[in-house]
Amino acid sequence: MFEKLKALLEGIYSYFAPKDQVLHLFLREHLLVTLCKKAPVTMSAIIVLASALLFLLHDIVNPYILGVWYVSVVAVALFRLLKAWKRCSDMQKPFEERYRTFRKEALLMAALWGVASFLFYPSGLPHYEAVFAIFIILMASASAVNLAIDRPVAEVYVTALLLPLAIRVLFEGGLYYTLFFAALLLYGVLLIMSIRQIGVILQKGIRQHGELSKLQKRMKMILEQTPAGIFNYDRDLKIVECNRAFSELLGVPRERLIGLDLYDIKDENLKKLLKRVLDERRTLKYDGPYASMLSGKEIWVSATVAPLFDSSGRLEGAIGAVEDKSAEHEALEKAEFLAYHDSLTSLPNRKLLGDRYDSQIAQAGRKKLYSSLLFLDLDRFKHVNDTYGHNVGDELLKESARRLLKVLRKSDTVCRLGGDEFIIFLPMISEDLSMSVNHTLLVSQKIHKALAQPFEIEKHKLFLSTSIGAVMIGTRGESLDEVLRCADIAMYHAKKLGRGVTSFYEEFMDEQIKKSIRMEKELRHALDRNELKLYFQPIVEISTGQVVGAEALLRWRHPSGITIMPSEFIPVAEESQLIHQIGRWVIEEACRTCRRWEKARGDMPYISLNLSPKQLRYSGFYEQTSKIVEESGVDPSKIKFEITESVLIEDSDRAKELIDRFKEIGIGFMIDDFGTGYSSLSYLKRFEFETIKIDRSFIRDILKDEDDVTLVKAILDIARQFDYDVIAEGVETKEQRERLRELDSAILCQGYLYSAPLCEEEFLRLL
Ligand code: C2E
Ligand code: CA
Ligand code: CA
């Protein structure tokens, strides 16, 4: 019986069970709680009503059935009341289960009342009938209102109470009861319609609420996961809300950021902008640095900040979107740096120098201050590069750059022009020209000193010197190009004067440049037009006065009639590659002369030829020269070459190889101008020379300067040791000759005392 009833209830329940899943879980829970909370009132009301019915019907209806019914109703009511609170608060059981039992109990109660309205109808007793009907209608209405939020249960209640009553009334027959029946049905339908209406409104509300909360959730999710830092601050400049990206960007946890006072941030520009957004009520952009006061992190940000209004248009605060542009900024800075700096040394480049020059020279002009510019060229840098490789060369440049920076003031600009050339710009030195010159000279001396310190790179100990061209810049706003051109000329001059020298630009230098350009042009034709001649200066044995050799010295008989000396045109030839043609001609001419002399007189003095370092650098020099000598048919021992020390320094391995190879075919080498250059006696040990030519500067002072005597003595000692001949150059007086004879009776002499350089005919006549 009980099982059947349960099954029946299940059936009814499943028919009415909500198929609509719109009910939000939260709201259904809320509904259950509401219904449960009302349980004491509703259950008491049911018991009161049931008791009233018992009182009304106890004489009319079968008391047993009525009694059973009454007890059932009271029992179910009490049972529900007891369970109600527990069910609502019991969160262990799933909501669905709790809700289902609640509904089943409600349906059971509805069924009990349905049974009553059908069975206990007090037929034939009009007063009772009326009261009974009122009771049932009251019960139905109360249930409808009470359960309206749970529509199916409310509908079951209304149907279960009114329908049996209506049918029972219809059984009474007659017009009066038929109308009563219709009224009951109509009332039921109206109640159900009202319930439905409430349901629809409720569902709509629930759906909207659901959708709204979904939107809220989505918005929250979007805000949280937006790939840009979002922050919202109020009118007091306090952060109200921010997302994950923002907290990551600043490296500060979100909790610490909320409530943060933006008045405290360090960056004034950003702070002003945040305030302006509120004051001016418009969107502003910020690109710049931001240093977090909480994490200490320093970044470059790009932020767009807009005012935030509520729905009524009142200003709430502002909202900002921030992006970390540190990487881009760094890349940009790097690119900018590279555009203005030399990549190897990180020194400013020509472009940056130009910018600084223009602005500082303009300023110097206004203040009437002199400035200056130095053009540095490292001596023999190419040689370091070729010998030790580019790595060593690069390191040398970097270290040089560091040393230069050390000796200069912050306001000075050191720039690498390229290769081994540096520019130093000393702006706004003084109002006084001579003070400015002195300062420039002082700086250049410091530079020479700094670069003269040995460099230790990859275990090589390297010595460097530099040639500096200096230009004073007046207050007329000379252009950088013009100043650089002058500095270049001055530097070039410094190189000529010897290495490690500073030369100030003077106007005559310009003249010289022009002259050498003109000379170069004419020199090109000199060979074709047969304008070059060899002169010969005798080399004489001091003891016997016998001429043992002759130094061939070049003369240029210029079409204008003047004879140009080699010291004037050889440097021009060296710069223009013409030296190779000229040098070759000298060797051919010397061989031809030698040949003529041999034919004419048999035993003749040897001829010594001067070789330019440039000539020796030409890779086919040995092959070319040996061929000329061989083809001319001269005795190779009658040809000798003079080289200076600079050749030995620049490429000592190659020089040694050349000297050795020429020695094999019988051509000897002399070391020229000995004592002037790097004068290392060690060269004498390493290279197999035949003869040392002591520079004429020592011979000139040999009577006055004891130091020179000492040096000449030392050279003579070594020469004896290695069995070298020694020639004293530039012997002009008898006194000099006598002093030399005292030092060494085997010494050879060359100089005006014996003869100036002579043309071939004069030389032969002298012999
Ligand atoms: P150098 O090799 O030292 O030549 C000696 C220079 O001293 C010659 O000058 C000569 O005229 C000069 N001289 C000789 N005796 C005396 C003296 O008693 N007193 C003084 N004050 N000077 C004396 P020159 O002919 O003007 O040559 C100058 C330089 O030009 C030479 O210096 C040499 O380096 C270079 N040169 C000359 N001819 C050639 C050549 O065919 N090829 C190369 N590459 N260079 C040459
Ligand atoms: Ca010479
Ligand atoms: Ca010489």
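Charging the Cβ of each Asp and Glu at -1 and of each Lys and Arg at +1, and nothing else, the dipole of the stretch 341-505 about its Cα centre rounds to 380 debye. Relative contact order of the chain: 6 percent, from C-alpha pairs under 8 Å at least 6 residues apart in sequence.
Gain on full extension, evaluated as 0.36 nm per residue between Glu598 and Leu119 minus their Cα-Cα distance, stands at 155.8 nm. Taking Lys and Arg as +1 and Asp and Glu as -1, the other residues whose beta-carbon sits under 12 Å from that of Ile457 total -2.
Give the peptides 326-332, 242-248, 683-689 in descending order of average Cβ contacts within 10 Å, highest first.
Values: 326-332: 12.7, 242-248: 19.4, 683-689: 17.1.
Sorting 326-332, 242-248, 683-689 by mean packing, highest first, produces 242-248, 683-689, 326-332.
Residues with beta-carbon under 13 Å from that of Val189, excluding Val189: net charge, scoring Lys, Arg +1 and Asp, Glu -1? Show your work: numbers first, answer last.
Details: positive: Arg196; negative: Glu155.
Neighbour charge sum, excluding Val189 itself: 0.
Karplus-derived 3J(HN,Hα) values for the stretch 262-276, using 6.51 cos²θ - 1.76 cosθ + 1.60 with θ = phi - 60°, are 6, 5, 8, 5, 6, 6, 4, 4, 5, 4, 4, 5, 4, 6, 4 Hz; glycine and proline are entered as x.
What does DSSP give for the stretch 523-766 in terms of the percent of beta bridges that are antiparallel, rounded to the nearest 5?
Numbers: 14 of 35 bridges.
So the antiparallel bridges in the stretch 523-766 amount to around 40 percent.
The ranking of Ser479, Ser312 from fewest to most other beta carbons within 10 Å of each one's beta carbon is Ser312, Ser479. Rg and Dmax over the alpha-carbon atoms of the stretch 63-188 stand at 16.5, 57 Å. Identify the residues of the stretch 558-583 with backbone N under 12 Å of a label point that sits 7 angstrom from the Cα of Cys759 along the Cα-to-Cβ direction, or state none. So the set is 558, 563.
Express the C-alpha Rg of the stretch 2-217 as a ratio against the empirical globular expectation 2.2 N^0.38 Å, rounded to two decimals. Don't skip to the end; give the middle numbers.
Numbers: Rg = 18.6 Å, N = 216, 2.2 N^0.38 = 17.0 Å.
Rg over 2.2 N^0.38 Å, computed on Cα atoms: 1.09.
Label point of Ser326 set 7 angstrom out along Cα-Cβ; within the stretch 212-248, amide nitrogens under 19 Å from it belong to 227-231, 243-248.
The angle between the Cα long axis of helix 433-452 and the longest principal axis of the Cα atoms of the chain comes to about 90 degrees, rounded to the nearest 10. Kirkwood hydrodynamic radius computed over the chain comes to 38.6 Å, based on all pairs of distinct alpha carbons. Potential lengthening of the chain between Lys86 and Ala335 amounts to 82.3 nm, from the contour at 0.36 nm per residue minus the alpha-carbon distance.
Taking N as the number of residues in the stretch 227-330, what value does Rg over Cα atoms divided by 2.2 N^0.38 Å take?
Normalised by 2.2 N^0.38 Å, the Cα Rg of the stretch 227-330 equals 1.00.
Label sites at His127 and Arg485, each approximated as a point 7 angstrom past Cα along Cα to Cβ, lie 13.8 nm apart.
In this calculation the C-beta distance from Gln512 to Tyr388 is compared with R0 = 45 Å, giving a FRET efficiency of 0.85.
Taking Cα atoms only, the orientation of helix 63-89 departs from the longest principal axis of the chain by about 20 degrees.
Spatial offset of the stretch 264-321 relative to the stretch 209-249 amounts to 16 Å, using the alpha carbon center of each.
Against the chain, whose longest principal axis comes from its Cα atoms, helix 480-497 is set at around 40 degrees. With unit charges on the beta carbon (Lys/Arg positive, Asp/Glu negative), name the residue among Pro571, Phe722, Leu711 whose Cα is farthest towards the positive pole of the charge dipole of the stretch 523-766. Result: Pro571.
Working note: Karplus 6.51/-1.76/1.60 with θ = phi - 60° gives the stretch 612-617 the couplings 7, x, 5, 4, 5, 6 Hz, where Gly and Pro are set to x.
In the stretch 607-644, whose amide N lies under 20 Å from the spot 7 Å out along Cα-to-Cβ of Gln577? List them in ranges. So the set is 612-625. Placing R0 at 60 angstrom, the Cβ-Cβ distance between Val48 and Met219 gives a FRET efficiency of 0.75 after rounding to 0.05.
How big is the charge dipole of the chain about its Cα centre, in debye rounded to the nearest 20, if each Lys and Arg gets +1 on its Cβ and each Asp and Glu gets -1 on its Cβ?
Details: 102 positive and 107 negative charges, 1071 e Å.
About 5140 debye.
Quick one: work out the % antiparallel among DSSP beta bridges in the chain, nearest 5. Don't skip to the answer; put the middle values down first.
Working: 65 of 89 bridges.
In the chain, DSSP labels about 75 percent of beta bridges as antiparallel.
Net charge dipole, the stretch 655-705: roughly 80 debye, given to the nearest 20, about the Cα centre with Cβ charges of +1 for Lys and Arg and -1 for Asp and Glu.
So, R0 is 45 Å and r is the distance between the beta-carbons of Glu738 and Glu623; what FRET efficiency does that work out to, to 0.05? Working from the Cβ atoms, E equals 0.45. Extension gain for Leu185 to Lys656 (0.36 nm times residue separation, less C-alpha to C-alpha distance): 156.2 nm.
Any read-out appearing in this document is the output of simple, stated calculations on the displayed coordinates, not a laboratory observation. Model, not experiment: these values are computed from the prediction. Positions of Cβ are generated from backbone atoms using ideal geometry, with glycine treated the same way; all protein chains shown enter the neighbour counts.
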